[in-house]
1. Restricting the first residue to region 67-90 and requiring it to be of a type in the set (Asp, Glu) and in a helix (DSSP H, G or I), which pairs with a second residue that is crowded, with 17+ Cβ neighbours inside 10 Å and modelled with pLDDT of 95 or more meet a Cβ separation below 7 Å and a spacing of at least six or different chains?
2. So Cys46 fits all but one of (1) in a loop (DSSP other than H, G, I, E, B); (2) farther than 18 Å from Ile184 by Cβ; what number is the exception?
3. Of everything in region 142-168 that's touching a strand residue (DSSP E or B) at 6+ places or on another chain (Cβ under 7 Å) and buried (at least 19 other Cβ atoms within 10 Å of the Cβ), which residue is nearest to Leu26 (Cα to Cα)?
4. Does Ser122 fit the bill of being in contact with a Ser or Thr (Cβ under 8 Å, 6 or more places away or on another chain), touching a residue at least 12 places away in the same chain (Cβ under 8 Å), more than 17 Å from His10 (Cα to Cα) and small (Gly, Ala, Ser)?
5. Taking the condition of being closer than 19 Å to Phe50 by Cα, modelled with pLDDT of 95 or more and of a type outside the set (S, T, N, Q), how many residues in region 144-179 meet it?
Amino acid sequence: MKTKIYFIRHVDTLKDPNQNASKWVLSSKGEEQAREISELAFLQDCDVIFVSSEIKTYLTIEPLAKKVNIGIVENPDLDEVRRGDKFFTKEEFEIEKFKQLEELDYPAFGGETANQALQRFSNAVNLIKKTYEGKSIIIVSHGTILNLYFASILSKFSDLKNRWSNTKFGAIGITEDNKVLKDICE
């Protein structure tokens with residue numbers, strides 16, 4: 001039996017400059033997006049759900065988890081590329097993000113490098129796949145780390161800025177036995 005993983009980028013958040021981005025909750029638009037995800041028939045038969053340690057990933061999938069009566073497993077190794085606490089304006093954020101996506105060994109936002117994050121995330125996904133072989137798995141995470149992961153599978157590192165810019169909140173990418181069936185940035 002094949003192992004299928006549905007990777008979901010968290011939905012839209014309420015940006016609060018007084019809090020670290022890891023503590024941001026969903027905006028009203030994000031709450032609607034989470035409800036829409038819970039209605040997707042192909043996600044209804046999942047066997048296990050994993051989220052990063054950031055509350056926005058939990059809130060993204062909570063409506064589906066309640067609907068199908070499946071618990072949610074938190075795994076901090078599925079976190080976004082780890083960053084410092086400073087709040088960045090939209091313009092400052094994009095400058096730093098683009099540098100991070102161009103220089104994979106650059107510690108953007110005072111945190112870990114893209115390569116370090118990709119290794120951490122890939123190890124976590126590989127362990128989940130091994131533990132839940134032949135199952136249908138949902139992993140809810142973040143735009144940068146998901147694009148790094150898909151870029152590594154597809155050998156598309158040269159286009160990371162464009163991939164990240166075009167990945168919508170609530171985007172879904174699908175893999176089956178390490179083959180990409182649907183790219184996260186489609």
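1. The qualifying pairs are Asp77/Arg120; Asp77/Phe121; Asp77/Ala124.
2. (2)
3. That would be His142.
4. Yes; evaluated as a whole, the condition is true for this residue.
5. Total satisfying the criteria: 12.
Listed here are the residues, each with its yes/no results for (1) in contact (Cβ under 8 Å) with a residue 40 or more places away in the chain; (2) in a helix (DSSP H, G or I).
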{"position": "Ile128", "(1), (2)": "yes, yes"}
{"position": "Ile137", "(1), (2)": "yes, no"}
{"position": "Val140", "(1), (2)": "yes, no"}
{"position": "Thr144", "(1), (2)": "yes, yes"}
{"position": "Ile153", "(1), (2)": "no, yes"}
{"position": "Trp164", "(1), (2)": "yes, yes"}
{"position": "Thr175", "(1), (2)": "yes, no"}
{"position": "Cys185", "(1), (2)": "no, no"}
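Yes/no matrix, rows are residues, columns are (1) under 24 Å from Asn20 (Cα atoms); (2) touching a Gly at 6+ places or on another chain (Cβ under 6 Å):
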| position | (1), (2) |
| --- | --- |
| Lys90 | yes, no |
| Gly111 | yes, yes |
| Gln116 | yes, no |
| Leu127 | no, no |
| Ile138 | no, no |
| Thr144 | yes, no |
| Leu154 | no, no |
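The values are calculated or read from the model by the stated rules, or taken from the named source; none is laboratory data. Model, not experiment: these values are computed from the prediction. All Cβ positions, even for glycine, are placed from backbone atoms using ideal geometry, and neighbour counts span all protein chains on display.
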